[in-house]
Structures are given as structure tokens and as C-alpha cells.
């Protein structure tokens, strides 16, 4: 693997592309993260907010390394091309989840997207493993984190859905006044 002169430039470009995707997801999330996310009820096991940005930065870098390894193979075979395409799909779903969950402030649709993301990432990892075990291993922490994030997304969804409507979140100001002690709407 290290003898391939094409490897290191492809890894560097892969990391750059993935970091740009992460930055795009961050841009689509800014107002939701600042204004809406703090008002939500969260599971007790939710990590501190300061954990998320560094974790995602590292994970996007790891995705870039995995991409670079596959990319350096030359994308000659249909197997390599298919794995490459699946990678782009899961990367797009990563960005889409940020836009849906934070940008559109929808944990319900965010949960749908993150389940699709988990499936696409698992498929990408499996396809990468057929080409390079190392590239698949670089994706393993990403799959573990997306598994955790999907549980967290579901926990937030469960704690904040207004019953019986199940359409809008308690913390959404359109749902009425919020009791500052509960961070949920005051029932009339």
C-alpha cells in the first residue's frame, strides 16, 4: 500500500473533500445548533455539546483516508467504482442529516435520514473491505459513531414529540409557551 505513489495525494484530497462536506453540514446546522438544539430535552447519556465538533472532524478525516485508499486503486474494476459511488452516497447522507435534523429542526426526518446513512455506511464499509481491509477499518469508527448518533437521535425524538400529533417538537416555539423549568410547552 505504501509503495503506491498515488496513495498519499489521494488520501490528502479525500480528507480535504470530506472535511469540506463536514463544513457544509456545519453551515447548514448553525442556527439550529445555536437556537433550537439547546431547548430540546435530551437523554441523560447525551455527550456535552463540545464533544461533537471534534469527533466529527476526526471522523470526516478518517472517511477521507478510507476514500483515498480506494481512490488510489485506480477505480478500474466495477467493484471499485461501485464502492466509490456508495461512499459518495453515504457522504451526501451525512450532510443531509445535518440539514434535516438541525437546519429543518426535524428529529423525525433526521431519524429516517440517519437510518439510511447507517445502511449506506455499512454497505460502503462492506464494499471497501472487498478491495482493501484497511479502508474498511478506517470506516469502522464512523459506523460506531453513527450507530450511537442514531440512538441519540431516537432518544431526542422520543423525549420531544408532542402527543398525539407527533408532528412538531415540544421545543418548537410555534407549539406555544414554554415552561422554563421543563423546556416543554405549557399544556392549555
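Things to note:
- Theoretical FRET efficiency, 1/(1+(r/R0)^6), r = Cβ-Cβ of residue 82 and residue 158, R0 41 Å, to 0.05: 0.70
- The Cα center of the stretch 83-119 and the Cα center of the stretch 22-79 differ in position by 10 Å.
- Anisotropy class of the stretch 18-122 from Cα gyration tensor, a/c 1.5 cut: prolate
- Remark: the residue 109-residue 30 segment gains 26.6 nm on full extension, using 0.36 nm per residue and subtracting the alpha carbon distance.
- Net length gained if the chain between residue 129 and residue 8 were fully extended (0.36 nm per residue, minus Cα distance): 41.6 nm
Quick note: the coordinates plus some simple rules give every number you see, no bench work behind them. Worth saying up front: this structure is predicted, and the values here are computed from it rather than measured. Note: ideal-geometry Cβ built from the backbone for every residue, glycine included; neighbour counts use all protein chains shown.
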